[in-house]
Amino acid sequence: MKKLIASASLLSLGVVGIQAAHAPGLTSTETSKWWSVGASLRGFYDDNYTTSPSAANPPSTWGTEIEPSFGINLPLDQTYIGLSYIYGAKFYEDSSKWDQSHQARLNLSHAFTQRVKLDLSEVFISAQEPSIIEERGPITFPLRSEGNNIRNTASAALTTELTQEFSTVISYANSIWDYEQDGSDLANPNSNSTGAGSRSALLDRMEHMLMLNLRYQVAPSTIALVGYQYGVVDYNSKDDLVPGLTADIRDSRSHYAYAGADHFFNQQLNGSVRLGAQVTSYPNITVEDSVLPYADASLSYTYTAGSYVQLGVRHALNQTDVGLVFLGAGGIDPTLNQESTTVYGSLNHKITAKVTGTILGQYQNSQFNGGGPILNGQADDLFLVGVTFRYQINQFLSTDIGYSFDRLDSDLTNRSFSRNRVFAGLKATF
């Protein structure tokens, strides 16, 4: 889910003379602007910034957050280039500590002809909060993690219109996950601790996703499609999952087959749906392949200028930060992943000409796959809710106030937590 404590917006000053023939997803106002800079300053209160278990008397603190940002928005005749960067810094008063985050994005779209288009994307994130690192659900690791934890995702998509009715979309995405905590942080020379089970062992990996969609224009407002995806997850940490068991035992290979449709009901309402199956195998351990339903659907409704609702649901496998390994008569049974159903939504409502309210929400039910009779089938229930009100003082200044609530209810001992955050601040954009 998008970060609940809102990041600095990228409102820009117009520059006369730049007109775009190729500006995918941009409004006419956005195509007249090519640069933006901004900064925000907020005070906040967080009653569990460590996401500690509820029974552990978690620490609370007041703090300060700053977020400078810049963006480039350059539409050309056949090419669009977009670049943005947000630096975040949070100061926690009770510990005099700073959190730092970096979010950099590059988008490139080029229309070779009216029938062939290439979209490239690069996203680099370094942060501690799971809602920033995993900005689009499901959330693999729901706890805050100290250090510079990195996700880098590069993707490419080629869209080709074969005829007036048929088109294809071929895409590839590569994601790298690198968590700072490794075995050296956990190893204790005064005990038998080897540092196994670090966040690096549990979460460091490279993911590949190859997709092919065949699309058919059934009607002017309806596109039917069939698709296939092939996903690879390779764990690459040098740390053991448990002593003597390497992290790559959780490597997986997934095949997705699905059918679906994109439908534009009218200029205000549109939706999409994908339904099918996911078959996953594990090359480094002898277990049965898993066969699961796969679903991905979303609906978007713009009911008035500046006001819209978005809803979605997704069901698939995802990775997990839990690495329990069960040693029984049947052999080794590690926790491989989770089967998750994620429901998410957002409401943006323009209350007056100067006041806008936003609500973001996500619910995620995740059942563990593997881990023997102790863990297999046990579940996490994650709830995320955020409410923000923004008042636009003038073209350059705005104020905002907000509240967010996070809660994890887990069948595992010492994992559940709740977290409340409030903030208020000022934004300047130029």
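The values are calculated or read from the model by the stated rules, or taken from the named source; none is laboratory data. No experiment lies behind these values; they were computed from the predicted model shown. Backbone-built Cβ (ideal geometry, glycine too); neighbour counts: all protein chains shown.
Would a scan of the stretch 177-184 turn up a residue that is in a strand (DSSP E or B) and at pLDDT 95 or above? Looking through the stretch 177-184, at least one residue is in a strand (DSSP E or B) and at pLDDT 95 or above. Among the candidates VAL226, VAL279, VAL309, the residue that is without any contact (Cβ under 8 Å) to a residue 60 or more places away in the chain, under 25 Å from ILE139 (Cβ atoms), surrounded by fewer than 16 Cβ atoms within 10 Å (Cβ to Cβ) and out of contact with any helix residue (DSSP H, G or I) (no Cβ under 8 Å at 6 or more places or on another chain) is uniquely VAL279.
Scanning the stretch 302-327 for residues that are part of a strand (DSSP E or B), under 29 Å from GLY231 (Cβ atoms) and not hydrophobic (A, V, I, L, M, F, W, C) returns GLN310, GLY312, ARG314, HIS315, ASN318. Any residue at all in the stretch 401-408 that is out of contact with any Lys or Arg (no Cβ under 9 Å at 6 or more places or on another chain) and modelled with pLDDT of 95 or more? No: zero hits.
Confirm whether ASN266 is of a type outside the set (Ser, Thr, Tyr) and exposed (fewer than 13 other Cβ atoms within 10 Å of the Cβ). Judged against the criteria, ASN266 is a match. Comparison of PHE389, PHE383 shows that the only residue that is farther than 24 Å from PRO53 by Cα and either surrounded by fewer than 17 Cβ atoms within 10 Å (Cβ to Cβ) or of a type outside the set (Phe, Trp, Tyr) (or both) is PHE389. Condition check for LEU108 on (1) modelled with pLDDT of 95 or more; (2) farther than 26 Å from ALA428 by Cα; (3) over 21 Å from the mean Cα position of the chain (by Cα); (4) aliphatic (A, V, I, L, M): one failure, at (3). Looking at the structure I just gave you, is THR342 assigned to a strand (DSSP E or B) and under 28 Å from SER254 (Cα atoms)? In short, yes.
With respect to the conditions (1) free of Cβ contacts under 8 Å to residues at least 24 places away in the same chain; (2) within 25 Å of ASN48 (Cβ to Cβ); (3) of a type in the set (S, T, N, Q), SER410 falls short on a single one, namely (1).
Inspect the stretch 57-64 for any residue being in contact with a strand residue (DSSP E or B) (Cβ under 8 Å, 6 or more places away or on another chain), outside any loop (DSSP other than H, G, I, E, B) and in contact (Cβ under 8 Å) with a residue 40 or more places away in the chain and give the result as yes or no. Within the stretch 57-64 (the criterion being in contact with a strand residue (DSSP E or B) (Cβ under 8 Å, 6 or more places away or on another chain), outside any loop (DSSP other than H, G, I, E, B) and in contact (Cβ under 8 Å) with a residue 40 or more places away in the chain), the answer is no, since none of the residues qualifies.
Residues that are under 27 Å from SER254 (Cβ atoms) and surrounded by 16 or more Cβ atoms within 10 Å (Cβ to Cβ) do occur in the stretch 393-409. Here the condition is being more than 30 Å from ASP99 (Cβ to Cβ) and of a type outside the set (Asp, Glu); of GLY260, GLY195, it holds for GLY260 alone. Taking the conditions exactly as written (assigned to a loop (DSSP other than H, G, I, E, B) and either more than 27 Å from VAL343 (Cα to Cα) or at pLDDT 95 or above (or both)), does THR286 satisfy them or not? Yes: the conditions hold for THR286. For the stretch 204-213, filtered to residues that are surrounded by 15 or more Cβ atoms within 10 Å (Cβ to Cβ) and of a type in the set (A, V, I, L, M), the residue that is farthest from ASP240 (Cα to Cα) is MET211. Is it the case, given these coordinates, that PRO293 is part of a loop (DSSP other than H, G, I, E, B) and touching a strand residue (DSSP E or B) at 6+ places or on another chain (Cβ under 8 Å)? No: the conditions fail for PRO293.
GLY370 meets each of the listed conditions (1) free of Cβ contacts under 8 Å to residues at least 60 places away in the same chain; (2) farther than 26 Å from GLY312 by Cβ; (3) within 25 Å of the chain's Cα centre (by Cα); (4) surrounded by 18 or more Cβ atoms within 10 Å (Cβ to Cβ) apart from (1). Of all the numbered requirements in (1) surrounded by fewer than 18 Cβ atoms within 10 Å (Cβ to Cβ); (2) touching an Asp or Glu at 6+ places or on another chain (Cβ under 6 Å); (3) closer than 19 Å to PRO138 by Cα; (4) not small (Gly, Ala, Ser), GLN217 misses one, and that requirement is (3). When the stretch 312-330 is limited to residues that are more than 22 Å from ALA201 (Cα to Cα) and modelled with pLDDT of 95 or more, the one that is surrounded by the fewest Cβ atoms within 10 Å (Cβ to Cβ) turns out to be VAL313.
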